[in-house]
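Novice: The structure under discussion is supplied below as structure tokens; questions concerning it will follow.
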Amino acid sequence: FIVLSEGAKANIKKINRRSRIRIIPNGVHLPRMLKMSDKKHILFIGRIEMNQKGLDLLLRAFSLISEKISYKLAIAGAGIDNELSKLKNLIASLNLKDKVEMLGRIRGTKKDDAFKKAAFVAVPSRFESFSLVALEALSYNLPIVSFNIGGLKWLPAKHCAKAKPFCEREFSKKILKLSQDDELRRRMGGAGRQFASQFNWGNRAKEYENFIFEILNND
């Protein structure tokens, strides 16, 4: 097996202790140009799925402080109709229509632009195996706000403001602080690209290749 994290490895070992498992985290392509745009929004990017991705937690946390900050919340991603409807209904019920921008599925230059215009990135997931979005955020030197969950333990505290799991009020305080403190954002984002560089796809691909040949040669 190839898995993304220690947690996934441990779960497989519980089922079959003889399993041969290699941990190979996600990889990232580092953006070539890091000339950042004026900050326009707080960015969520990912699959539109309310429960796993924690979009309900994010929106309720954002609603607590939306009047105190100038940034909009930009939500990028696609999902099934039912999940999109739940998202739009919650935005409406929280009176956030003027504070939330729906970007839909974005790729290429649009995705690059969304990251460059972000003050920081929100990863409000209830569970993750290994968040590729968090890795992408770091490659743009952007700080992250998340919950302190097992799947995000690999994120250094100096780059990520972590709230108590699923506490909307604490999450909102982390958002507010980062929104109002330019120096804190610069400090937390600072060496994010350097940290992300160890996950570049050149290294990851070589790890896959080595593991595959190791199995073929042993078997």
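Novice: Would you calculate the separation in nanometres between label points at Ile23 and Ala78, each defined as 7 Å from the Cα along the Cα-to-beta-carbon direction?
Specialist: Placing both labels 7 Å beyond Cα along the Cβ direction yields 3.3 nm.
Novice: Using a 1.4 angstrom probe and counting only protein chains, how large is the accessible area of Asp38 in Å², to 10?
Specialist: 110
Novice: Sorted by accessible area with a 1.4 angstrom probe, largest first, how do Glu214, Glu128 fall?
Specialist: Heavy-atom accessible area, descending, gives Glu214, Glu128.
Novice: In terms of modelled amide H atoms, which long-range or inter-chain residues lie less than 5 Å from the amide H of Ala76?
Specialist: Close amide H contacts, sequence-distant or interchain: Phe44, Ile45, Gly46, Leu103.
Novice: How long is the gain from Phe1 to Gln198 if the chain were fully straight, where each residue apart is worth 0.36 nm and the alpha carbon distance is subtracted?
Specialist: Result for the pair: 68.7 nm of gain on full extension.
Novice: Continuing with this model, one more query. Which label marks the calculated value of Rg/Rh (Cα atoms, Kirkwood Rh), given the options (1) 1.00; (2) 0.98; (3) 1.33?
Specialist: Derived directly from the coordinates: (1).
Novice: Give me the accessible area per residue for region 54-137, probe 1.4 Å, as a whole number in Å².
Specialist: Per residue, region 54-137 has 46 Å² of solvent-accessible surface.
Novice: Leaving out ligands, DNA and RNA, what percent of the accessible area of the chain is carbon and sulfur, probe 1.4 Å?
Specialist: It is 49 percent, rounded to a whole number.
Novice: Helix-derived [θ] at 222 nm for the chain: sum -39500 (n - 2.57) over DSSP H runs of at least 4, divide by residue count, nearest 500?
Specialist: -13500 deg cm²/dmol
Novice: Over region 78-151, with a single point scatterer placed on each C-alpha, what log10 of the ratio I(q)/I(0) does the Debye formula yield at q = 0.12, 0.24 1/Å?
Specialist: For region 78-151 at q = 0.12, 0.24 Å⁻¹, log10 I(q)/I(0) is -0.41, -1.30.
Novice: Once the Cβ-Cβ distance between Lys177 and Asn217 is put in as r, and R0 is 35 Å, what FRET efficiency do you end up with, to the nearest 0.05?
Specialist: Given R0 = 35 Å and the Cβ-Cβ separation, E is 0.10.
Novice: Using a 1.4 angstrom probe on the protein heavy atoms only, could you order His159, His29 from most to least accessible area?
Specialist: These residues rank, largest area first, as His29, His159.
Novice: Can I ask one more? Using a 1.4 Å probe and counting only protein heavy atoms, arrange Cys167, Cys160 so the residue with the most accessible area comes first.
Specialist: Working: Cys167 35, Cys160 5 Å².
Accessible-area ranking of Cys167, Cys160, largest first: Cys167, Cys160.
Novice: Using 0.36 nm per residue of separation minus the Cα-Cα distance, give me the extension gain between Leu64 and Ala205 in nm, one decimal.
Specialist: Once the chain is fully extended between Leu64 and Ala205, it gains 46.5 nm.
Novice: For Ser129, what accessible surface area do you get with a 1.4 Å probe? Give it in Å², rounded to 10.
Specialist: Ser129 has an accessible surface of roughly 60 Å² with all protein chains in place.
Novice: Tell me the label-point distance for the pair Phe127, Lys164, using the 7 Å Cα-to-Cβ offset, in nm and rounded to one decimal.
Specialist: Once both label points are built, they end up 2.2 nm from each other.
Novice: Report, ordered by chain and residue number, the lysines lying within cross-link reach of Lys13, taken as a straight Cα distance under 25 Å and ignoring same-chain residues fewer than 8 apart.
Specialist: Lys153, Lys206
Novice: In nm, what is the difference between 0.36 nm times the number of residues separating Glu101 and Asn11 and their Cα-Cα distance?
Specialist: 28.6 nm
The values are calculated or read from the model by the stated rules, or taken from the named source; none is laboratory data. The model shown is predicted, which means the values in this text are computed figures rather than measured ones. Cβ atoms come from the backbone with ideal geometry, glycine included; neighbour counts cover every protein chain shown. Just so you know, the surface numbers come from the protein's heavy atoms only, side chains and all, with ligands and any DNA or RNA stripped out. Shrake-Rupley method; radii C 1.70, N 1.55, O 1.52, S 1.80 Å.
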